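Data first, discussion second: the structure below is written as structure tokens.
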Amino acid sequence: MTSTVDTTVEPRPGRAPSGLVAVGRAPGWVRYALLAAGLAVALWLPNGLYPAVAVDILCWALFAVAVDLLLGFTGLMSFGHAAYWGTSAYVTGLVAINAGVPFPVAVLAGALAAAVLAVPIGYLAVKRTGIYFAMVTLAFAQMVYFVANEWRSVTRGENGLQGVPRELFGLDLTDEYYFYYAALPIVLAGLAAAWRIVHSPFGRVLVGIRDNPARARALGYPVHRYKLTAFVLSAFLAGLGGGLFAIGHRLVALDTLHWTTSGKAVIVVVLGGIGTLWGGLLGAAVLVRLEDWLSFSGFEAVGLVTGGIFVLVVLLFRRGLWGSVAALVQRRWPTRRN
Amino acid sequence: MTGQAVLSVRGLTRDFRGFRAVDGVDLDIAPESVHALVGPNGAGKTTLFNLLTGFLRPSGGRIELAGRDVTGLPPEQVARLGVARSFQITSLFPQLSAREHVELALQSPSGLGWRFWRSAKLMRRYAERADELLAMVGLADLAEAPADALAYGRKRALELAIALALDPKVLLLDEPTAGMGLEDVDRTVELIAWVRRGRTVVLVEHNMSVVGRLADRVTVLQAGKVLVEGPYEQVRADERVITAYLGSADVSGSH
Ligand SMILES: Nc1ncnc2c1ncn2[C@@H]1O[C@H](COP(=O)(O)OP(=O)(O)OP(=O)(O)O)[C@@H](O)[C@H]1O
Ligand SMILES: [Mg+2]
């Protein structure tokens, strides 16, 4: 004789599985083989692509993984992550120009600035969920954009910061090919950090919060504080990507803070597969490569094609590129868990 | 009695858009007792639980836990003070395994949940205790199964294991035997009889034979108000209770 009454505080069942760390359930050799293959591709990349495009892929991969940490593993869709990517880009650029420190130090300063900015914004945003969370993050990102636009003495407005140096103990990194290998360790460290977070006790709590926040609270977990911590960590990782992007392009333009940049990050995650972590790498590689190819061949409506592909992936491969592959792996090795 | 009660409630009220679901409830739960809350559908039992655990804010009244005012505290803080609850509508983490659920509950007071730089393998230190608890509720063989894949009765059992993992002073169980077969009901009753030692249990239950076997005291709620309170035998025989249930077969205690 259970009630048909559904009080609003009775938690609802979580959403459908998203291929969460499905590869983590595959046998050890599969995982090591994937890791080795991934590293091999990362080391080869600037030999097969224009090195500048390869650097962009690295930065966007990190950005996407940061967004997926929130979207896929905490259940929060940020539509304002350009604020952290762009803020870090500006801070990295300013530090590199004015302090003459090695570029990884400038990038670290940028990422820390992004994390600091994420504290007050996250504090207010995590009290909302779903579309309201997305709106709050978007609204704050727009504020950051307008501040950057008005504060010309620092950001140089439309012109952007020009001549961002690539200092690294006097090494000559002007060639994009060599810069790629200088940037790679930072990106790998960021990806390793994201992997560690997802596979930590903290990450386990995040998944619980994503699937059933009321249950998590009844277990004694302060849900808002966990979400805020995830938000700040995500902003830091997005900041690492944004800082490297600034060094890679040697300039910082206002569009690093534009809402379309936030949107592109979400698209990359969806393309790669929400809640897969590594999907962001695939999504970034596909989207950045495609955009470069389209603009190189003089195609005008780049957004039309990328948008079309996005729609196709959403309709045909709902788990995204990585998620679809992971689902196959899961079907092959269904029960193994580690 | 307020002085010695573990949980003491005065004038507790909750309105939903003008509808009063809980209406001036006074309640004292004696330490280490099993206290049953019964009443017809919609009497306000679950709402009362939600008020006691911070999931709803009272519109009026006061809640004390061991003499401390906990009115309006958020759920995670109430949980940290040693109050665990199960949910009437089964409430689990669909993608996590049964063992992971219990590990999460065991880990909760330790602060391990903040270690984002450590491996989740650290949680294996709880695996042994988790398996013990799962065995207690009859889920030993299903430790690896995702919660999604468990049958309904098994999910109820997992709810109980999670609540036990928190090792609470006060355990609030919202219809722990609902939807279970007779065998599972018996096991659950035995289990509650076992875990009540050293604890206080508040139990919402429609099955009067379960109430009879477990409860020291019974409070009958009707339309948000306390109708009767007393020992099981006395409440069972009360005219007003029988009228409230309209002679429902449940009240006679037969099954
Ligand atoms: N969030 C809510 N919003 C509006 N009304 C609610 C809400 N929660 C409960 N109610 C109402 O409050 C009353 C009490 O509901 P409650 O779930 O507490 O009853 P119950 O005693 O647990 O019943 P059951 O035995 O069926 O579980 C019901 O009339 C219900 O419709
Ligand atoms: Mg109820």
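The values are calculated or read from the model by the stated rules, or taken from the named source; none is laboratory data. As the structure is a prediction and not an experimental result, all values here were calculated from the model. Every residue, glycine among them, receives a Cβ derived from its backbone with ideal geometry; neighbour counts consider all protein chains shown. Please note that ligands, DNA and RNA were not included when accessible areas were found on the heavy atoms of the full protein model with its side chains. Shrake-Rupley method; radii C 1.70, N 1.55, O 1.52, S 1.80 Å.
Using only the Cα atoms of region B:36-98, build the gyration tensor, take square roots of its eigenvalues as a ≥ b ≥ c, and label the shape rounded, prolate or oblate: rounded if a/c is under 1.5, else prolate if a/b is larger than b/c, else oblate.
oblate
Could you please put A:Lys264, A:Lys227 in sequence from largest to smallest accessible area, using a 1.4 Å probe? Can you show the working numbers first?
Working: A:Lys264 45, A:Lys227 15 Å².
Putting A:Lys264, A:Lys227 in descending order of accessible area: A:Lys264, A:Lys227.
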Legend entry - C-alpha long axis of helix A:320-332 to longest principal axis of chain A, angle in °: 50 degrees
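Return one whole number: the accessible area per residue of chain A in Å², for a 1.4 Å probe.
Ligands and nucleic acids excluded, the figure is 44 Å² per residue.
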Inset, instruction - For peptide A:195-203, compute the average count of partner chain beta-carbon atoms within 10 Å of each residue's beta-carbon. - result: 6
Inset, instruction - Determine the sum of side-chain charges near B:Leu104: Lys and Arg each +1, Asp and Glu each -1, restricted to other residues whose C-beta is under 10 angstrom from that of B:Leu104. - result: +1
Inset, instruction - Give me the percent of the accessible area of region A:19-332 that comes from carbon and sulfur atoms, probe 1.4 Å, all protein chains in place. - result: 70 percent
Legend entry - Degrees between helix A:82-99 axis and first principal axis of chain A (Cα, 0 to 90, nearest 10): 30 degrees
Inset, instruction - Note every residue of region B:68-82 with a reduction of at least 20 square angstrom in accessible area, all protein chains present versus the isolated chain, computed with a 1.4 Å probe, or write none. - result: B:Pro75, B:Glu76, B:Ala79, B:Arg80
Inset, instruction - Compute the Cα gyration tensor for the protein assembly as shown, then decide on rounded, prolate or oblate, letting a ≥ b ≥ c be the square roots of its eigenvalues: rounded whenever a/c is under 1.5, prolate when a/b is larger than b/c in the other cases, and oblate in all that remain. - result: prolate
Legend entry - Within 10 Å of each Cβ in A:205-212, the average number of Cβ atoms from other chains: 5
Inset, instruction - Specify the inter-centroid distance of region B:45-76 and region B:130-147, based on alpha-carbon positions, in whole Å. - result: 31 Å
Legend entry - Interface area, A with B, accessible, probe 1.4 Å, both sides summed, Å² nearest 100: 4200 Å²
Inset, instruction - Using a 1.4 Å probe and ignoring any ligands, DNA or RNA, find the accessible area of A:His258 and quote it in Å² to the nearest 10. - result: 50 Å²
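Just by accessible area at a 1.4 angstrom probe, what is the order of A:Glu167, A:Glu300, B:Glu205, B:Glu239 from largest to smallest?
From most accessible down to least: A:Glu300, B:Glu239, A:Glu167, B:Glu205.
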Inset, instruction - Return the average number of partner chain Cβ atoms within 10 angstrom of each residue Cβ along peptide B:84-90. - result: 5
Legend entry - Geometric extent, Cα atoms of chain A - Rg, Dmax (angstrom): 20.1, 76
Inset, instruction - Quick one: what are the phi-derived ³J(HN,Hα) couplings along region B:57-67, Karplus 6.51/-1.76/1.60 with θ = phi - 60°, whole Hz, x for glycine and proline? - result: 8, x, 7, x, x, 9, 10, 10, 10, 6, x
Inset, instruction - Heads up, I need the accessible area for A:Val101: 1.4 angstrom probe, whole protein in place, Å², nearest 10. - result: 40 Å²
Legend entry - Probe 1.4 Å, all protein chains present, accessible-area order of A:His81, A:His199, largest first: A:His199, A:His81
Inset, instruction - Using only protein heavy atoms and a 1.4 Å probe, report how much of A:Met143 is accessible, in Å² to the nearest 10. - result: 110 Å²
Inset, instruction - Take the alpha-carbon centre of region A:259-322, take the same for region A:51-122, and report the distance between them in whole Å. - result: 19 Å
